[in-house]
Each structure stands twice: as C-alpha cells, then as structure tokens.
2 protein chains.
Amino acid sequence: MRQRSPETWRQIRDSAVGLMAARGFDAVSVEDIVAAAGISRRTYFNYFAGKESVLFDPDPEDPRLWAELIAARPPGEPLWTALHQLIREYTTATAERVIRQRLVLRASPELADCSRNVCDRFWDAIREWASERDAGPTELQLDLLINTARTVLNTVLPRWDVDTGIAGLHRLIDEGFTLLQSPEWTTS
Amino acid sequence: MRQRSPETWRQIRDSAVGLMAARGFDAVSVEDIVAAAGISRRTYFNYFAGKESVLFDPDPEDPRLWAELIAARPPGEPLWTALHQLIREYTTATAERVIRQRLVLRASPELADCSRNVCDRFWDAIREWASERDAGPTELQLDLLINTARTVLNTVLPRWDVDTGIAGLHRLIDEGFTLLQSPEWTTS
DNA sequence: TTCTAACTTGCACTCAGTGCACGCCGCGCT
DNA sequence: AGCGCGGCGTGCACTGAGTGCAAGTTAGAA
C-alpha cells in the first residue's frame, strides 16, 4: 500500500474506528467507512490492504515513536525489563488509540479470538533492535523472550476494563511481567 | 457448522491440504477444493466456516484424544510440566497432520504471520481442565502460564525444519520449555 | 408405502479485494 | 502561456469468499 497523505490515512481510520465502536466490526462495511470518510472505495484500498488493516495498521507516525522509545533504553538493561518498560511507555504515548481500539473490540464479539492488536509491528522493531544489541543469546532465545512479553500483553488486554484507563492497564501489565519473573512461576 | 459425517469432513480436508501443500493457500479456491473432493460448494460451507477453517479446525476425533491425554496426567504434577508433556504427546499422536499442516504453511508465504495452528482448540480444553484442577492460582496466572506454553509452541514451529520429523520438533519444544523455566531467563 | 429427519445441493445475493485505465491538479521547465 | 510529468484519487469491471433459503435426495422408522 503506497500511503499518500497521513491526513487522509487518519481520516479513514477515525471514521472506521468511530463506526465500529458504535456498531461492531462486522456491521460496518467498507462502503460505510468510505461514505463517512468522504473518499472512494478504491482509495480506501490504496491505504489499507483489507478491512482489518484499518484497525491494526500502525499510525504513520508510529515508527518514529518506536525509534525514540527504543533509543531511550539504558545500555546493559536486562531485555525483559526493557520489554516491560517499552510496552508501558508505548501504551502511555498512544493511550487514546489503545483505548479506542479496545472499544471496537468490546463491541465486536466476532473478533474475540483475534490476537492482533495495536502493537504488532512494534514488536518487529523491538526484535530488530534486540538482536543487534545482544550478542549473547541465540535467535531462539530472543524470540522466546519477546514473544513471551507479547503474550503478557495479549493475555492482559482482554481482561482490562477500559474504564480504569491506562493506569488500570499498567497495573495488569506489571502484574503479568512480575509473575513471570518470579522464580517459582513454573512450579505452581 | 453442524458436522455431519466425519468421513466427508476428512475427505474435504484431505483434498484441501493436498492442493494447498502443492500450490499454496491463496492459489487454491474453494471451487478447486470442492471439485477435488467431489462435493458442492454449499456443502463445503456446511462443514467449514471459511477457507482457513479447513486448515485449522480440529479433527472430529480430536476432543476424544484431548480428553485421553489430559486424563493421563498424574495428580499433583506442576502445570508447566503438564503443558510440556501434553504438547509433546499431542504432536506425537497427530504427527502426520502436524507435518502436513506445516507443509501447507511452507508453501504459503501469505500465511507467514498467521499465528493459528493445529492445536488452537486443544488449549481451550487444557484451560478448562487446569482451572478446575488448581484452586490456588488466579485466572490471570493460569492464562499466563497456558498462553506462555502456547507461545513456546508458536515460536518454535516456524523454526522447525519439517524434514527432521516430529523428533526434531520435540527437540525444539524441549529447548523452549527448558529455557523459560531456568531461573535466570529474565535476566539475560 | 409413507412420513420424517439428516444431509446435500442450486440459486441468488452481499461484500471484500484487485487490476486497469483515466482524470485531476500542482509543479517545474521553456 | 503552453507543455510534460508525477502524485494522487476515482470509476469500472471482475474474481472469489461467505450466507440465507428453498428444494431435492436418501435411509430408515412407522
């Protein structure tokens, strides 16, 4: 998808998310979205590869944000801690979007077992950074660590009561990360 | 999907998997599948909710198998160990299917980031069993543990060279489970 | 035989997604 | 002004996934 203007991109996304939060994912057609956004059907597909993409594609500004957050990590920090902090800071920085996406999912039971979320491409950026930062661990170890962190987030998100805000989400994230690094977590 | 005869179910699945392993997922239409299976288009959708379902829905016999494997777990066994053994034994019992599904994915780059796999519904059965077996841990702890095990499998599967057979897969699974239960895994 | 229930099928329809060609507009060049 | 060009939006026509409905088949019970 060649993306032209970020303004149009956000206009489409905002229209879509608004409709979907109100009616649910399935009850909104691409036709509805483009009507609300004031563009043509064909233009929609120039910006988004499919109907789900409008929910899960990263904002055009996101790669810049990821780079900043990653660059701010102190050298020598354990990877697990870095992942924990990164996901905390990312959800803080994009709080409204995280909440709005959650509202759509809450209104769309048909996406219940969809494991995608706002951060999907973020993990790719993290993986790249981690694999050139740490010479020690194998690729498999890195992937396991990162995917486990991702799992913490994915496990916690559905349990999150959106009304408690980002603070409520952070409490769950902290709980998850802490649980998994406690020494006895595998012996319950 | 009300499933009528297991024979028809497997006939459709076998036709689909065969074609997809040869041509790739996208290059096979439902039309192709039903032609190969000798049934009508409409019947296909009586058995499978979509095109992906034919790859990821559990075999009609699977729930029975799950129940057997789960029932065989010794009482008092740590949950992490149980998960490790269950996934080992399940992949052993369904080896050909695991391999065939992998062959399809290998031929279908378009499914590269699809995290679904043969075992998806198995985890649900496990979760149910675990939550009534262990009174101790919270729902969140159980979900974290189970989802982490699932992550081990999902991380390891794409790295698995199908030609090494199920033994090769087991080596990777063991490596993953062992890594995560080593005490220093979060401090790398 | 007749009724019935399980199963299969054809038909018609909606909607997602794509290839292609065309149109608009702002830009720099002469 | 006239020209060409490139970025972007759009219309159109087409393939293929997925669904509701009503009719057909078949095996077995009554």
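The values are calculated or read from the model by the stated rules, or taken from the named source; none is laboratory data. Here the structure is a predicted model, which means the values were calculated and not measured. With ideal geometry, Cβ positions are generated from the backbone for all residues, glycine too; neighbour counts draw on all protein chains shown. The protein model used for the area step is the full one, side chains on, heavy atoms only, and it has no ligands, DNA or RNA in it. Shrake-Rupley method; radii C 1.70, N 1.55, O 1.52, S 1.80 Å.
Rounded to the nearest 10 degrees, the inclination of helix B:62-71 to the longest alpha-carbon principal axis of chain B is 10 degrees.
A point 7 Å from Cα along Cα→Cβ stands in for B:G168, and the other copies hold the same point at 4.8 nm, listed in rising order.
Mind checking the per residue accessible area of chain A for me, 1.4 Å probe, whole number of Å²? List each step's numbers first, then the result.
Working: 8630 Å² over 188 residues.
Per residue, chain A has 46 Å² of solvent-accessible surface.
Out of every Cα-Cα pair that segment A:62-181 contains, those further apart than 17 angstrom amount to 56 percent.
Sequence-ordered 3J(HN,Hα) estimates for segment B:177-182 from the Karplus curve with 6.51, -1.76 and 1.60 and θ = phi - 60° stand at 4, 5, 4, 6, 9, 6 Hz, glycine and proline given as x.
Couplings 3J(HN,Hα) for segment B:119-129, derived from phi with the Karplus relation 6.51 cos²θ - 1.76 cosθ + 1.60 (θ = phi - 60°), are 8, 3, 6, 4, 4, 4, 4, 4, 4, 4, 4 Hz, where x marks Gly and Pro. Heavy-atom accessible area with a 1.4 Å probe sorts B:W129, A:W80, B:W185, largest first, into B:W129, B:W185, A:W80.
In square angstrom and rounded to 100, what buried accessible area do you get between chains B and A, total over both, with the probe at 1.4 Å? Let's see the in-between values first.
Values: alone 9930 and 9930 Å², together 17270 Å².
The contact between A and B buries close to 2600 Å².
Solvent-accessible surface, computed for protein heavy atoms with a probe of 1.4 Å, shrinks by 40 Å² or more for the following residues of segment B:170-188 when the other protein chains are added to the isolated chain: B:L179, B:L180, B:W185, B:T186, B:S188. Across all directions, the shadow cast by the convex hull of the protein assembly as shown built on its C-alpha atoms averages 20.0 square nanometres.
Carbon-plus-sulfur fraction of the accessible area of the protein assembly as shown, 1.4 Å probe, in percent?
51
Along the axis of the charge dipole computed for the protein assembly as shown (Cβ charges of +1 for Lys and Arg, -1 for Asp and Glu, origin at the Cα centre), the listed residues A:Q141, B:A95, B:A49 are led at the positive end by B:A49.
All Cα-Cα distances of segment B:1-66, cut into 10 Å bins from zero to the largest, leave 22, 58, 19, 2 percent in each bin in turn.
With Cβ to Cβ distances under 14 Å as the rule, what net charge do the other residues near A:L83 carry (K, R +1; D, E -1)? It would help to have the intermediate numbers written out before the result.
Values: positive: A:R73, A:R88, A:R127, A:R133, A:R150; negative: A:E77, A:E89, A:D124, A:E128, A:D134, A:D143, A:D174.
Once positives and negatives cancel, what remains is -2.
With a sphere of radius 14 Å drawn around the Cβ of B:V34, what net charge do the other residues whose Cβ falls strictly inside it have (Lys, Arg +1; Asp, Glu -1)? Don't skip to the end; give the middle numbers.
Values: positive: B:R13, B:R41, B:R42, B:K51; negative: B:D14, B:E31, B:D32.
Summing Lys and Arg as +1 and Asp and Glu as -1 gives +1.
With its label point defined 7 Å out from Cα along the Cα-to-Cβ axis, B:T43 lies at 4.8 nm from the matching points of the other copies, in increasing order.
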